[in-house]
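Here the structure comes first, spelled out in structure tokens, and everything after it is commentary.
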Amino acid sequence: MRTIDWRHDRIVAIDQTRLPHELVLMEIDTVEALVDAIKRLVVRGAPALGVAGTLGVALAARLSAGDPSMVAAAAAAVRGARPTAVNLAWGVDRALRPLDQGIDAVLAEALAVLEEDIACSRALSERGARWLMQHVTSPVALQTHCNAGALACVEWGTALGVVRALHERGALGHVFAAETRPLLQGARLTAWELAQMGVPHTLVVDSAAASVLARGLARAVVVGADRVTANGDVINKVGTFPLALAAAYAEVPMVVAAPESTIDLSTPTGNDVDIEVRGTDEITRWGDVKVAPDGTDTLNYAFDVTPAALVTAIVTDRRVILPAMGGRPDDQPAADR
Ligand code: MRU
């Protein structure tokens, strides 16, 4: 099943807020519903957000019969739904490009982005598996964070795509998944996906991941990314930066698996990225239960910046970049990327 797709002139997406309890598809037939779904993390994960962006423009074009100002307003709303993953704005811009050729051309572009996402996930997963098999003793034991699986893409996944490729080669040992406070993408989504794949895995609280690495239980970290800046800084789910610090201490590779569409050469460093800050309730409540005194101040960063110096490898659908060794995403001419 695809995480996000286009059927009968509307967007269909797995409602990720309802996993792991139930696997339910949501039909999205207005731009407002799409913006709400993105904000509530019904659809989430950078590559899936890229596809949501393109399909959102296709939906807006169809609903407005291609009216340029209405499509522009809808595109701005979709682009603004979440600020950090560059794929969302990238996807919106890809679909807007052929708008002057008509609504069918916009939909064709959106569907092309969707198919490209599947191909990119597979390509980077194979490359990531090969890289890990060359640099880490097999069977490879990994620590991951958040969810960078099929649910974060159209199919397959990035970090969990690498896991899948290793598993298929018989080279995977074990995966440790961090629960990923406060919205538990690791517990709810990654553990669910790993179980579906038949991958041996163990769930740990976020603060235990450093001990997993220090004790040698995992021999590399593999995560996805929401944005990679021109200098090789990696923006990903909050908790990735501490994991990179722990990986450096344990002297194990910190590997980022992401499609080229996640690389943002127009942003120089991670300090220039708008990091989403989410609502107080996500950390002062546990479901319906209050877990902090009324009025407690919070700073609910959804993402953090891992400096390039702590990133061993960024594996994309086209290449491997080695930021800790001085490699930069912008050090290759665009034509060769
Ligand atoms: O807030 P989320 O769940 O959208 O955050 C997702 C992540 O941080 C993922 O690691 C990232 O998007 C990469 S997904 C291939």
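The values are calculated or read from the model by the stated rules, or taken from the named source; none is laboratory data. This is a predicted model, so every value here is computed, not measured. Positions of Cβ are generated from backbone atoms using ideal geometry, with glycine treated the same way; all protein chains shown enter the neighbour counts. To get the accessible areas, we keep the full protein, side chains included, count just its heavy atoms, and leave off ligands, DNA and RNA. Shrake-Rupley method; radii C 1.70, N 1.55, O 1.52, S 1.80 Å.
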*Filter the stretch 185-237 down to residues that are in contact with a His (Cβ under 8 Å, 6 or more places away or on another chain), open to solvent by less than 20 Å² (accessible area, probe 1.4 Å) and either in a loop (DSSP other than H, G, I, E, B) or not assigned by TED's automatic domain parsing to the domain that holds residue 171 (or both), then give me how many there are.*
2
*asked:* Go through the stretch 168-184 and report how many residues are open to solvent by 20 Å² or more (accessible area, probe 1.4 Å) and either out of contact with any Leu (no Cβ under 9 Å at 6 or more places or on another chain) or within 16 Å of the ligand (Cβ to nearest atom) (or both).
replied: 9
_Residue list for the stretch 91-108, filter: touching a Leu at 6+ places or on another chain (Cβ under 9 Å) and not β-branched (Val, Ile, Thr)_ = 91, 95, 105, 107
*Count of residues meeting criterion [in a helix (DSSP H, G or I), open to solvent by 60 Å² or more (accessible area, probe 1.4 Å) and away from the ligand (no atom under 13 Å from the Cβ)] in the stretch 1-41*: 2
*Which of the residues spanning the stretch 42-60 are in a helix (DSSP H, G or I) and within 12 Å of the ligand (Cβ to nearest atom)?*
46, 47, 48, 49, 50, 51, 52
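Here is a yes/no grid of residues against (1) open to solvent by 60 Å² or more (accessible area, probe 1.4 Å); (2) out of contact with any Gly (no Cβ under 8 Å at 6 or more places or on another chain); (3) at positive phi; (4) touching a residue at least 60 places away in the same chain (Cβ under 8 Å):
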residue: 58; (1), (2), (3), (4): no, yes, no, no
residue: 99; (1), (2), (3), (4): no, no, no, no
residue: 109; (1), (2), (3), (4): no, yes, no, no
residue: 117; (1), (2), (3), (4): no, no, no, yes
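For (1) more than 16 Å from the ligand (Cβ to nearest atom); (2) under 11 Å from the mean Cα position of the chain (by Cα); (3) within 26 Å of residue 12 (Cα to Cα), each residue gets a yes or a no:
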| residue | (1), (2), (3) |
| --- | --- |
| 124 | no, no, yes |
| 138 | yes, no, no |
| 148 | no, yes, yes |
| 153 | no, yes, yes |
| 160 | no, yes, yes |
*Kindly indicate which of 92, 71 is open to solvent by less than 20 Å² (accessible area, probe 1.4 Å), more than 18 Å from the chain's Cα centre (by Cα) and of a type in the set (A, V, I, L, M).*
71
*Take residue 152 and decide whether it is open to solvent by 10 Å² or more (accessible area, probe 1.4 Å), modelled with pLDDT of 95 or more and either at negative phi or touching a helix residue (DSSP H, G or I) at 6+ places or on another chain (Cβ under 9 Å) (or both).*
no
*Do you know which residues across the stretch 311-337 are part of a helix (DSSP H, G or I) and surrounded by fewer than 20 Cβ atoms within 10 Å (Cβ to Cβ)?*
324, 325, 330, 331, 334, 335, 336
*Which residues, taken from the stretch 212-233, are of a type in the set (Gly, Ala, Ser) and within 25 Å of residue 153 (Cβ to Cβ)?*
218, 220, 224, 225, 230, 232
_Return the residues of the stretch 250-284 that are open to solvent by 40 Å² or more (accessible area, probe 1.4 Å), outside any helix (DSSP H, G or I) and of a type in the set (D, E, K, R); say none if nothing qualifies._
251, 274, 278
